[in-house]
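Remarks on the structure that follows.
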Amino acid sequence: QVQLVESGGGLVQPGGSLRLSCGASGGIFTLYTMAWYRQVPGNQRELVASITPGKLTIYADSLEGRFTISRDNAKTTVFLQMNNLKPEDTAVYYCRASAGRNDYWGQGTQVTVSS
C-alpha cells in the first residue's frame, strides 16, 4: 500500500508560481509512474503531467509549457513546478502513483489563482 501526501498548494496571484510536492511512502517508488491531475468542481479529473520511473514526461497540451514535473527517487517525492499561473489553473491538484494494477491517489491540495 502506497501513501501519497501532497503539499505546496495555496493562494497565488495571476502570473505567480507555486511548487507542489507529493511524498510517497509504503512502496518501491522507482517502480511507479507518478502523475499530477487536477479537478474543478463539476468537471472530470484531468491529467496535468506524468513522469515515468525513467523520467520520461508527458504534459497536457493546454499548459503551454508553464509547468514542469520532476521526481527525486532518493526522497521518494514528485514535484510540479507551476509558473505564470492563470485563474483557470485554479483546482484541486492530486498526486497519483501507478504501476500495473496498482493505483494510488493522494488527498489533493487546493491551488487558487486570484487577484
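Do the conditions hold for Val5, that is, is it in contact (Cβ under 8 Å) with a residue 24 or more places away in the chain, buried (at least 17 other Cβ atoms within 10 Å of the Cβ), among the aliphatic types (A, V, I, L, M) and in a strand (DSSP E or B)? No, not satisfied. Can you find a residue that is over 20 Å from Ser114 (Cβ atoms), outside any strand (DSSP E or B), out of contact with any His (no Cβ under 8 Å at 6 or more places or on another chain) and not aromatic (Phe, Trp, Tyr) anywhere in region 12-26? Yes: region 12-26 contains one or more residues that are over 20 Å from Ser114 (Cβ atoms), outside any strand (DSSP E or B), out of contact with any His (no Cβ under 8 Å at 6 or more places or on another chain) and not aromatic (Phe, Trp, Tyr).
What are the residues in region 45-59 that are modelled with pLDDT of 95 or more and either part of a loop (DSSP other than H, G, I, E, B) or not small (Gly, Ala, Ser) (or both), if any? Answer for region 45-59, where residues must be modelled with pLDDT of 95 or more and either part of a loop (DSSP other than H, G, I, E, B) or not small (Gly, Ala, Ser) (or both): Arg45, Glu46, Leu47, Val48, Ile51, Thr52, Leu56, Thr57, Ile58, Tyr59.
The values are calculated or read from the model by the stated rules, or taken from the named source; none is laboratory data. This structure is a prediction, so every number in the text was calculated from the model and none was measured. FYI the Cβ positions are ideal-geometry reconstructions off the backbone, even for glycines, and counts take in every protein chain you see.
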